[in-house]
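Undergrad: Please find one structure pasted underneath; my questions will follow.
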């Protein structure tokens, strides 16, 4: 039987009008310390987001979501935050914010393959 590994994840949300607190789930960040895994994935449905705020600029939103992916991947291209260790990058990405792009609280779970789990969470909570 394969070992199951503790992982943590947060849902990436877009809150087009912060004062209204309405949001749409657009992505997942998943971190598994034991497997040294950190990855963010997102999917934008522009029609749904425009229904909450027709003035939302999709290009800027996509740039911000790509920053989550880049920081998760790490490296110099992701700037100073991208140079931090996996745990620090995950904590930085999931820190509480009151901006248009926010994360849910962090949730734990167990998985065998974090990539499969990320895809399952995307399917269940975003797509």
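Undergrad: On a 0 to 90 degree scale, rounded to 10, what angle separates helix 58-73 from the longest Cα axis of the chain?
TA: 10
Undergrad: What is the helix-to-structure angle for 114-125, meaning the angle in degrees between its Cα long axis and the longest Cα principal axis of the chain, kept from 0 to 90 and rounded to the nearest 10?
TA: For 114-125 against the chain, the angle is about 30 degrees.
Undergrad: Out of 62, 19, 115, any idea which swings most in a Gaussian network model of the chain, alpha carbons joined below 10 Å?
TA: Result: 19 has the largest fluctuation of those listed.
Undergrad: Still on this structure: What value, in deg cm²/dmol to 500, does the helix sum -39500 (n - 2.57) over DSSP H runs of n ≥ 4 give at 222 nm once divided by the residues of the chain? Walk me through the intermediate numbers first.
TA: Working: 5 runs with 47 residues, N = 127.
Calculated mean residue ellipticity at 222 nm is -10500 deg cm²/dmol.
Undergrad: Based only on the alpha carbon positions, what is the Kirkwood hydrodynamic radius of the chain, in angstrom? Numbers along the way, then the final one.
TA: Working: mean 1/r = 0.0666 Å⁻¹.
About 15.0 Å, per the Kirkwood formula over Cα pairs.
Each value in this text was obtained by applying a stated rule to the coordinates, not by laboratory testing. All values derive from a computational prediction rather than experimental measurement.
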